[in-house]
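Everything on this sheet refers to the single structure shown next.
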Amino acid sequence: MEEPPEPSFDYPEETYLVDGETVRIVCTDGVLDAKPRIDGHRVAVHYVYAKHERGRSVETLRNGVYSELSAAEVRAALRYAEEHPDVLEDVARIEEAEWRRIGRESVDEE
C-alpha cells in the first residue's frame, strides 16, 4: 500500500479573537492527518472554506453540517484560509493525491 503524501512545509497554527471568542486553529499529528483544524473539533479548515466558497453563508454552515461550531469558529477558519492560501493549496495537493491512490487501490482490488 502506497504512503499518503506529506505536507510540503509545517503548517502554521493561529489564535484569533473573533466576536470576543478566542479560537485556535491547530495542526495535530494523528488528527485529520495534521491538516489545520478548529481546536476542540475534528473539522478541517479546508472543508469549511470549500463549502463557504460554494456559496454557503456562516449561518447556513452553522445550521447544517457544522452545527457544533460557533459563528466565531467558522469565521476563524475562513480567516485562516484567507491568510494562508499556500496551506490550502498544499492540502488540496495532498487530498488529490490521496483520492488518486484510493482510486488505484480500488481498481487493483477488482
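Quick look at the values:
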{"quantity": "CD proxy at 222 nm, helix term only [per DSSP H run n ≥ 4: -39500 (n - 2.57); per residue of the chain; nearest 500]", "calculated": "-15500 deg cm²/dmol"}
{"quantity": "Dipole magnitude of the stretch 35-110, debye to nearest 20 (Cβ charges: Lys/Arg +1, Asp/Glu -1, about Cα centre)", "calculated": "340 debye"}
{"quantity": "Directionally averaged projected area (convex hull, Cα atoms, the chain), nm²", "calculated": "7.8 nm²"}
{"quantity": "Relative pair counts by distance (%), Cα atoms of the stretch 58-110, 5 Å bins", "calculated": "4, 18, 14, 13, 17, 14, 10, 7, 3, 0"}
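Here, each number is a calculation from the coordinates, and none is a lab measurement. The structure displayed is predicted, hence computed values, not measured ones. Heads up, the Cβs are rebuilt from the backbone with ideal geometry, glycines too, and the neighbour counts pull from every protein chain shown.
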